[in-house]
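This report concerns only the one structure given below.
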Amino acid sequence: MRATGLSLRGTRVRAALVGAAVTVATLLATAGAPAAALAETPAATASVASARSATDASITASVTASNAGILSPGQDLVASVTVSNPTGSAYTSGTVKLWYDTEPRSSRNELSSWLSSTAGDTDRVDIGQAAVPTLEPGSSVVVALTVPAAAVPFGSRPTPAVFGIGATVTVSDHTAEARGSVSWYPGGAATRSDIGVVMPIVSPSTGAGLISAQDLATYTGPTGVLTRDLDGLQNHSTVAVGIDPMIIASIRALGNAAPASATAWLDRLSALPNDTFSLGYGDADVTGQIQAGLPTPLQPTALGYALDPKNFSPTPTAIGEPQTPTSTPAATPSPSPTPGTGTGPTLPSLDRLLAWDYSLAGIAWPGDGTTRAADLPPLAAAGLGTVIVSGGNTNAAKLDATPNAPIRSGSSTLAVSDQRLSDALRQAVSAPSDLAWNAAMSKLNAQLQLISAENSTPLHLLIALDRSWPSSGTQLQRTLDSLFSNPWSTPATFSAVLASKQSTELALTDSPESQTRIDAIHTLLQDEKSLDEFATILADPTTLTGSTRAELLTLLAVSWQNPRSDWTAAVAQSRTATARTLRAVRILPTENVNLVSAQGSIPFTVSNALSNESVTVVLSASPSNSRLEIDQPTTKTIPQDSRATMLVPVKAKVGNGQVVLSLQLYSPTGVPIGSPSSVTVEVHADWEGIGALIFGILVVLLFGFGIVRNVLRRRAHRRKGEDDDGTDDDTTEGDAPVEAGVRQPDPAADEPHTPPGPGGAHG
């Protein structure tokens, strides 16, 4: 057979050259328009296939076959070669040669090695050639080459095979090569693998805890990501769907204010015939939580903070709820939102917001390559006994044959997705162009054909989409249609795949998350603990703790593991918000205080910067020495976005000097709030006693001075009277005694006064 093939080679090559000449003529005739029509962006070209340059990086190329890479008898082989010029110079001329490898690939591992090889191919045969139009700087062009059916070298092969094809591009002095594949299917029966597909329904990455009404309107609009999810599932009821319950809760929490498109979308979701199961709230990373030290994955605790009573009158129509809502497991009790007062509406509980009529239960779906064997027991203890694991998290790549999807590990059942099939399907559903879609589907179909050739017993395989595809995916339905219409696969439900024979060769390989990510999760968990403690100053702590938990879970979403997402920035933003909240209630700076009385109250200003919550705080003060004594802490409720004065009663003891008063706010339950502060108090409390003593002394001196003054005055009067009598205290004989202090009458005083006569004598 080998000799026969060689004898026919010349004839086939000549036929191929004739076809290529026709193609070249057509391209030259339409050189103006096709270049613009076929031009693609470098990003789109890169997604088609890996470009490889034989000499330098001045040009790159990729090649793909049309019709999803499947070629059957009577069909022309149409290949598209994308040539890119990443330089700043234009190239005016060049050629493309299309070739194929005469040796078909025998296994997936061999195909993968051949596609990634940069070595020269000794079994190559040229089957077409075309001219490359002018390549402007930074541009790409697509060159189409057609090999007529009659000139296809393997067109008469009676059995299926996968052939490698390639393109060699020469532009000026630069050369680049690209490799692809084509699946030859001449018809007839083939072994079909049972293919189960699991698909997540999640929203774009967020850290908000709930999706806003505006975003819901966008996501559920005619071209929104959530709408595309459901559109792509049309006629594919075997696809199992993992649903993020945050989406359901976000719509229900809005009540009658939910966008009409969102409620219509929820109604469509409830009508899906597909198997459904619940992801974690916010699609939180379950294995990351376990590796960060949590005993079980976290659950939401309360969503009442997002409910507005006016949106629940009348009561919204229930959509998708089971007849008896199942309780959502939670690490802590889930307080129900406070019902409206009086005759107001009763708001839905947490269980009602999250309840959904899922057909599958107990399934955990970590991100690709993030699971360890040690993670399985905690997940099983949390009721998650079935774990969807990516093939890259196992030894699948080292096996010679493709294994069945299910395996057993301890008490857990693992549903292992085929990594290479999943990668190809993901590229297809997110393909930005037909060329990119054909390239991805060529990889997928080539692998399925090689799997079919491994043995005659159908395998049960699982293909898993990733969390990031909805942001750009527009090809879901087309991809699923192509997947289940090829000759080598048949659709299967997730339950059927899980119930198939378990693989004995396949085994889980520990693949922990990076230490950087685990450290970040530790930090976020510590922030949540701090906010939970801070919330004890609120009348209803769940308004803060509920939102904190919901935001944490959405920040742990698997979609944040996508390298294109800036999770580091999201974590930093969350930490900034946490710090701002913890600083919202604080003691404002106070100048030094002078205390001049024995007792009194020192005022301090406390600020509450929370915009929608009043707080109740206790102000405690402790002195640095015994000069001051604090009576008792002070408690006060401070309205939102305001300040209040809190008085600290103090008593001064004997002695003057400085006292440093340490201040700390506490919640009513004794949790420290904010950072401690201090103020210096100058104590002069004994001045009051000294002042009173001085005043008393002055009074005594004043009264004493008055008494002494009166005594001295009386003595002075007595002495003066004695001097006027001309006597002294000694009396002569015959004189009448004189009573002390009594003035005696003067005999001469009663006689008339006669003026003196001449001579100065009395008459």
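The values are calculated or read from the model by the stated rules, or taken from the named source; none is laboratory data. Here the structure is a predicted model, which is why all the values come from computation and not from measurement. Quick reminder, even Gly has a Cβ in these numbers, built from the backbone with ideal geometry, and neighbours come from all protein chains shown. Remember, those area values only see protein heavy atoms, side chains included, never the ligands or the DNA or RNA. Shrake-Rupley method; radii C 1.70, N 1.55, O 1.52, S 1.80 Å.
Residue by residue, here is whether (1) touching a Phe, Trp or Tyr at 6+ places or on another chain (Cβ under 9 Å); (2) surrounded by 20 or more Cβ atoms within 10 Å (Cβ to Cβ) holds:
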site	(1), (2)
Q234	no, no
I243	yes, yes
A249	yes, yes
A253	no, yes
A260	no, no
S270	yes, no
L279	yes, yes
A284	no, yes
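Here the condition is being in contact (Cβ under 8 Å) with a residue 24 or more places away in the chain, over 16 Å from the mean Cα position of the chain (by Cα) and in a helix (DSSP H, G or I); of E528, E533, E513, it holds for E533 alone. Scan region 355-374 and tell me whether some residue there is under 26 Å from D532 (Cα atoms) and modelled with pLDDT of 95 or more. Yes, region 355-374 contains a residue that is under 26 Å from D532 (Cα atoms) and modelled with pLDDT of 95 or more. For beta carbons closer than 7 Å, sequence separation of 6+ or different chains, a first residue in region 123-143 that is of a type in the set (G, A, S) and a second that is at pLDDT 95 or above and open to solvent by 20 Å² or more (accessible area, probe 1.4 Å), the qualifying pairs are A131/T95. Within the set A257, A240, A264, the sole residue that is small (G, A, S) and within 13 Å of I319 (Cβ to Cβ) turns out to be A264.
Which of the residues spanning region 615-635 are part of a strand (DSSP E or B) and either without any contact (Cβ under 8 Å) to a residue 60 or more places away in the chain or open to solvent by 70 Å² or more (accessible area, probe 1.4 Å) (or both)? Even if it seems obvious, please write down each step before you answer.
In the first step, residues of region 615-635 are kept if they are part of a strand (DSSP E or B); the result is 615-623, 628-630, 634-635.
Once the filter is applied, which keeps residues that are part of a strand (DSSP E or B) and either without any contact (Cβ under 8 Å) to a residue 60 or more places away in the chain or open to solvent by 70 Å² or more (accessible area, probe 1.4 Å) (or both), region 615-635 yields V618, L619, S620, A621, S622, P623, L628, E629, I630, T634, T635.
Taking S390, is it within 20 Å of Q289 (Cα to Cα) and over 28 Å from the mean Cα position of the chain (by Cα)? Criteria not met by S390.
Would you mind finding the one in A57, A90 that is open to solvent by less than 70 Å² (accessible area, probe 1.4 Å) and at pLDDT below 95? First the steps, then the outcome.
Details: A57 fails: open to solvent by less than 70 Å² (accessible area, probe 1.4 Å).
On inspection, the qualifying residue turns out to be A90.
Determine whether region 473-488 contains at least one residue that is open to solvent by less than 20 Å² (accessible area, probe 1.4 Å), in a helix (DSSP H, G or I) and within 16 Å of P403 (Cα to Cα). Looking through region 473-488, none of the residues is open to solvent by less than 20 Å² (accessible area, probe 1.4 Å), in a helix (DSSP H, G or I) and within 16 Å of P403 (Cα to Cα). Which of the residues belonging to region 595-614 are out of contact with any His (no Cβ under 7 Å at 6 or more places or on another chain) and either assigned to a loop (DSSP other than H, G, I, E, B) or open to solvent by 40 Å² or more (accessible area, probe 1.4 Å) (or both)? Answer for region 595-614, where residues must be out of contact with any His (no Cβ under 7 Å at 6 or more places or on another chain) and either assigned to a loop (DSSP other than H, G, I, E, B) or open to solvent by 40 Å² or more (accessible area, probe 1.4 Å) (or both): S597, A598, Q599, S601, P603, T605, A609, L610, S611, N612, E613, S614.
Looking only at region 101-109, decide whether some residue is of a type in the set (G, A, S), part of a loop (DSSP other than H, G, I, E, B), surrounded by fewer than 16 Cβ atoms within 10 Å (Cβ to Cβ) and at pLDDT below 90. The answer is no, given that none of the residues of region 101-109 is of a type in the set (G, A, S), part of a loop (DSSP other than H, G, I, E, B), surrounded by fewer than 16 Cβ atoms within 10 Å (Cβ to Cβ) and at pLDDT below 90. Of all residues in region 636-650, at least one satisfies being out of contact with any Phe, Trp or Tyr (no Cβ under 9 Å at 6 or more places or on another chain), farther than 14 Å from S677 by Cα, among the small types (G, A, S) and outside any helix (DSSP H, G or I). Return a yes/no flag: does region 268-283 have any residue that is assigned to a loop (DSSP other than H, G, I, E, B), in contact with a strand residue (DSSP E or B) (Cβ under 6 Å, 6 or more places away or on another chain), closer than 16 Å to A550 by Cβ and modelled with pLDDT of 95 or more. Yes, the conditions are met somewhere in region 268-283.
I need a count of the residues in region 187-219 that are more than 30 Å from R157 (Cβ to Cβ) and among the basic types (K, R).
Initial filter on region 187-219 (more than 30 Å from R157 (Cβ to Cβ)): 196-219.
If we keep only those that are among the basic types (K, R) as well, we get none.
So the answer is 0.
For the structure I just gave you, tell me whether R228 is over 30 Å from S116 (Cβ atoms), among the basic types (K, R) and surrounded by fewer than 24 Cβ atoms within 10 Å (Cβ to Cβ). Spelling it out, R228 is indeed over 30 Å from S116 (Cβ atoms), among the basic types (K, R) and surrounded by fewer than 24 Cβ atoms within 10 Å (Cβ to Cβ). Scanning region 699-735 for residues that are at pLDDT 75 or above and either open to solvent by 90 Å² or more (accessible area, probe 1.4 Å) or not in a helix (DSSP H, G or I) (or both) yields a count of 13. Look at region 304-323: where a residue is at pLDDT below 95 and a partner is aromatic (F, W, Y), sitting 6+ places away or on another chain with Cβ atoms under 6 Å, you get G320/W356.
Of the candidates V171, V152, the single residue that is at pLDDT below 95 and either crowded, with 22+ Cβ neighbours inside 10 Å or of a type in the set (V, I, T) (or both) is V171.
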